[in-house]
Amino acid sequence: MNQEPFLLAGFDAGQTTCRCRLSRWDGEHLQVVGEGRGSGVSHLDAPDGEERFRRAVGTSLASALEQSRARSQEQSLGREHLSAAAIGASGIEADTDLQTRGVALLASALALPEHRCLATGDERTALRGAFPDRAGIVIISGTGMIVVGRDATGREHRCGGWGWRLDGAGSAFDIGHQALQLSVRMADGRVPDGPLRHKLWTALECCTAAELKARVVRESHAVADEAKLASLVTDAAVSGDPAARMILQRSAAALAEAAVATAHALDLQAPCLEARGGALEHMPLFRQLVETSLREQLPDCHWQATGGDACHGALVFALDRSGLRPH
């Protein structure tokens, strides 16, 4: 009973918030002892990227420890009891200098040896959470998009997620951006005008294409601002707007294309799929169009909805590095 607790930390770091989940390994299962939220991260190469990373880890861990201490049986837990940790953060590519830096930063923030830490992309922790020990594909469509899968041997493949300047087809940003492009063609008379343009311009408080141009080139205009327009496009499509529905169909087909390419690269004939991200979780018509496109190309695919989240995936990675169980 006096044995030191084997405490593991799993982090899911987004741009607005970072979640931390603390779990104890009892020899067979991960038992959650505390969860917390802290500040968000940015790309490590951003001017304040490393400082934001440290702050996100520190604030979310402190919040999780506070919750764990609120439980009578966890009064003694502190960061000194951590055995290992892993973090999934956007922009950290496997086998790159960014990953090496991320590992060093995480180890420093937690006072752990580097070999007990892992920093990787949030898509990898999402995959490991959804499919801890079996083959599967995670399809993520939120502000951005990425598809990542693994076969039964552990071989992985990813499609997409290369940033809005290069990629992004199949994301909420893609839907909003396509809609804005269509709106200026409507305004010019290149295609017939329609209600979608009026919805978009009203939301953006623009009356002319010149005003729209001035708005989108502002430094304050971000990728997330165009992603927010995806819900307007979906609403218009549900109301019967053919132009809006066509945008959703193109974006859904692009997302399905990435999933199909991943399945083929991993030789998965009947892949198990899991959907993640706001566009798939909160836009039913878009999800339906993605599923339709996938059924046409992967007729034997099937969906699961019970996999663990990205924090759980980070904890599984941390357990791998803890030395607490044979692998």
Item to complete: Looking only at the stretch 98-110, decide whether some residue is part of a helix (DSSP H, G or I), charged (D, E, K, R) and in contact (Cβ under 8 Å) with a residue 60 or more places away in the chain.
Response: no
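Which one is surrounded by the fewest Cβ atoms within 10 Å (Cβ to Cβ), of the residues in the stretch 27-49 that are under 20 Å from the mean Cα position of the chain (by Cα) and not in a strand (DSSP E or B)? Spell out the reasoning first.
If we filter the stretch 27-49 for residues that are under 20 Å from the mean Cα position of the chain (by Cα), which is where we start, we get 35-46, 49.
Restricting the remaining residues to those that are not in a strand (DSSP E or B) gives 40-46, 49.
On the way: Gly40: 19, Val41: 30, Ser42: 19, His43: 16, Leu44: 19, Asp45: 11, Ala46: 13, Gly49: 17.
Step by step, filter the stretch 27-49, then rank; the result is Asp45.
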Worksheet item: Pick from the stretch 147-179 the residues that are surrounded by 19 or more Cβ atoms within 10 Å (Cβ to Cβ) and free of Cβ contacts under 8 Å to residues at least 60 places away in the same chain: which of them is nearest to the chain's Cα centre (by Cα)?
Response: Gly161
Worksheet entry | Considering residues of the stretch 252-281 that are of a type in the set (Asp, Glu) and under 20 Å from the mean Cα position of the chain (by Cα) only, the residue surrounded by the fewest Cβ atoms within 10 Å (Cβ to Cβ) | Glu281
Worksheet item: Restricting the search to the stretch 68-106, which residues are out of contact with any helix residue (DSSP H, G or I) (no Cβ under 8 Å at 6 or more places or on another chain), among the polar types (S, T, N, Q) and at pLDDT 90 or above?
Response: Thr96, Gln99, Thr100
Worksheet item: Given Leu204, Leu212, Leu182, which one is surrounded by 14 or more Cβ atoms within 10 Å (Cβ to Cβ), touching a Cys at 6+ places or on another chain (Cβ under 6 Å) and assigned by TED's automatic domain parsing to the domain that holds Ile247?
Response: Leu212
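Here is a yes/no grid of residues against (1) in the same structural domain as Asp12 (by TED's automatic domain parsing); (2) within 20 Å of the chain's Cα centre (by Cα); (3) buried (at least 20 other Cβ atoms within 10 Å of the Cβ):
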residue: Met283; (1), (2), (3): no, yes, yes
residue: Phe286; (1), (2), (3): no, yes, yes
residue: Leu289; (1), (2), (3): no, no, yes
residue: Thr292; (1), (2), (3): no, no, no
residue: Leu298; (1), (2), (3): no, no, yes
residue: Gly313; (1), (2), (3): yes, yes, yes
residue: Phe317; (1), (2), (3): yes, yes, yes
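The values are calculated or read from the model by the stated rules, or taken from the named source; none is laboratory data. Small disclaimer: the values here were computed from a predicted structure and weren't measured. Every residue, glycine as well, gets a Cβ built from its backbone with ideal geometry; the counts of neighbours run over all protein chains shown.
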